[in-house]
Amino acid sequence: MSEAILLVGGRGTRLRPLTLTTPKPLLPVAGVPVTVHQIERARDAGVTRVVLGTSYRAEVFAERLGDGRDLGVEIAYAVEDEPLGTGGAIRNAAELLTCAPGDPVMVLNGDVLSGVDYAALVEGHVSSGAALTLHLTRVADPTAYGLVPTDGDGRVLAFREKPQTPEEIVTDQINAGCYVFTRAVIGEIPAGRPVSVERETFPDLLARGRVVRGVVDDAYWLDLGTPWDFVRGSCDLVLGVAPWRGHEPADSLVQTGAQVDDAAVIGGGTTVGHDARILGDAVVEGSVLLDGCVVEAGARVMGSVIGAGARVRGGATVVDSVVGDGAVVEAGNELRHGARLWPGVVLPPTSVRFS
Ligand code: GTP
């Protein structure tokens, strides 16, 4: 295996307001962009060249990742003027591949943390002669996902939309956002228009009788699409629950330039970004503090993201919420239950008490 395509062009609407300033694949999980975690795992599995399929804020990727030499791979950038969807993005990125038509190409959604064995997926794909191999993962609640039933030989039987009734839950296997295409098969995706692999390309391959394999793998898997999964993924990496080669599991990860006062309590896999400060007796549990933010003495932050340069004042509480870049939560406020504060917003001080 040598080439992979990474899809990083989505707008990341479910992760707003974090994605208003930074594309989702570049948001730091445990201090490192999820794209970088993926490229490092792909490199360790034998990938030497990565084509990034970019659209939303395309320029930021090249600024951050350059030609890839720091990561030990070569990176090429395929830019879409208009978003082409997942299938159109793969087709567009394939123009920059250098491998032969019969070679395998790994394709990764740019927002997934996964411990799946990439090399084994590719080897299985090549030896089976399939047109497409999908990594499938099992989930406890399949109702929120499109389902992918397979037969006893691992051949995909159908691609089902999200189940609406209990009878429609025919399997707990879902598409994990990691595929291996035989390169020539990518050429069958229509060029120059938006295409969804999930809704169009995959069902079409099945309808045309092509061999589509599904490999069920129960390794760690998490789609970082929502703020809560983003926080969870970051904490899982720090705690050692999610795979991260060379990382020593820890209760927290404090990046360079950050300040954590002696009386402060931090844990639960919290990451404290560069130059962020946790002052006095502040409590921060299971959260992501982005660069330069401040949590003052007497503040509590749990299961939340505090944006770059944001400030949580003493006497304020933030639980399961997102504070946008540069926003300020003044004393007395309680943000809970999925609240999202937009960048730069100042919540004025309040003495109202919530039960
Ligand atoms: P939401 O808006 O929150 O659903 O996020 P998203 O825009 O990232 O969409 P989704 O999570 O379904 O995308 C799955 C993967 O495909 C992500 O890695 C996206 O970056 C990527 N992706 C989605 N649409 C496009 C597109 O039009 N072009 C490119 N290049 N990538 C895309």
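Give me the percent of DSSP beta bridges within segment 1-96 that run antiparallel, rounded to the nearest 5. Antiparallel bridges: around 15 percent, rounded to the nearest 5. Remark: segment 103-120, residue by residue, has Karplus-estimated 3J(HN,Hα) of 7, x, 10, 7, 10, 10, 5, x, 9, 10, 9, 8, x, 5, 7, 4, 4, 5 Hz, where x stands for each Gly or Pro and the curve is 6.51 cos²θ - 1.76 cosθ + 1.60 at θ = phi - 60°. Which residue fluctuates most in the GNM of the chain (Cα springs below 10 Å): GLY324, GLY209, GLY87? Its mean-square fluctuation being the largest, the pick is GLY209.
Quick one: Cα centre-to-centre distance for segment 313-351 and segment 53-102, in angstrom? Using only Cα atoms to place each centre, the spacing works out to 37 Å. If you add up the charges near GLU168, with Lys and Arg at +1 and Asp and Glu at -1, over every other residue whose beta carbon is less than 14 angstrom from its beta carbon, what do you get? Net charge in that neighbourhood comes out at -2. Here the scattering of segment 166-216 is modelled by Debye summation over its C-alpha atoms, one equal scatterer each and no solvent; at q = 0.17, 0.24, 0.30 Å⁻¹ the log10 of I(q)/I(0) is -0.64, -1.13, -1.44.
With contributions of -39500 (n - 2.57) from each DSSP H run of at least four residues, the per-residue ellipticity at 222 nm computed over the chain stands at -5000 deg cm²/dmol. Once the C-beta distance of GLN164 and ALA297 is scaled by a Förster radius of 51 Å, the resulting FRET efficiency is 0.50 to the nearest 0.05.
Protection proxy ranking, highest mean first, for peptides 196-208, 254-266, 283-295: 283-295, 196-208, 254-266, where packing is the per-residue count of other beta-carbon atoms within 10 Å, averaged.
For the chain, the dipole from Cβ point charges (+1 on Lys and Arg, -1 on Asp and Glu) about the Cα centre works out to 560 debye, to the nearest 20.
Using the 1.4 Å probe convention, the accessible area of segment 113-260 works out to 47 Å² per residue with neighbouring protein chains retained. Each pair of Cα atoms in segment 250-354 enters the Kirkwood radius, and Stokes-Einstein at 4 °C and 1.567 mPa s then converts it into a translational diffusion coefficient of 101 µm²/s.
Identify the residues of segment 79-109 with backbone N under 13 Å of a label point that sits 7 angstrom from the Cα of ARG193 along the Cα-to-Cβ direction, or state none. 88, by backbone N distance to the label point.
Taking 20 °C and 1.002 mPa s as the conditions, I'd like the Stokes-Einstein D for segment 78-128 in µm²/s, using the Kirkwood hydrodynamic radius from alpha carbon pairs.
It comes out at roughly 166 µm²/s.
Please give the FRET efficiency for VAL346 paired with ARG208, using the beta carbon to beta carbon distance and R0 = 56 Å, rounded to the nearest 0.05.
The pair VAL346/ARG208 has a calculated efficiency of 0.50.
In whole percents, the pair-distance distribution calculated for the chain from its alpha-carbon pairs, binned every 20 Å from zero, is 30, 53, 17, 0.
For ARG69 and HIS247, calculate 0.36 nm times their separation in residues minus their Cα-Cα distance, and state this gained length in nm to one decimal.
Values: separation 178, 0.36 × 178 = 64.08 nm, distance 2.12 nm.
Length gained between ARG69 and HIS247: 62.0 nm.
Annotation for ARG336 and ARG138: the two label points, set 7 Å from Cα along the Cα-Cβ direction, are 3.6 nm apart. The apolar share of the surface of the chain, taken as the fraction of accessible area on carbon and sulfur atoms (1.4 Å probe, ligands and nucleic acids excluded), comes to 50 percent. Put a dot 7 Å past the Cα of GLU123, heading toward its Cβ, do the same for HIS274, and the two dots end up 3.9 nm apart. Per-residue extension of 0.36 nm, minus the Cα-Cα distance of TYR220 and ALA100, leaves a gain of 40.0 nm for this segment.
The values are calculated or read from the model by the stated rules, or taken from the named source; none is laboratory data. What you see is a predicted model, and the numbers here were worked out from it, not measured in a lab. Quick reminder, even Gly has a Cβ in these numbers, built from the backbone with ideal geometry, and neighbours come from all protein chains shown. SASA here: full protein model, heavy atoms, side chains in, ligands and nucleic acids out. Shrake-Rupley method; radii C 1.70, N 1.55, O 1.52, S 1.80 Å.
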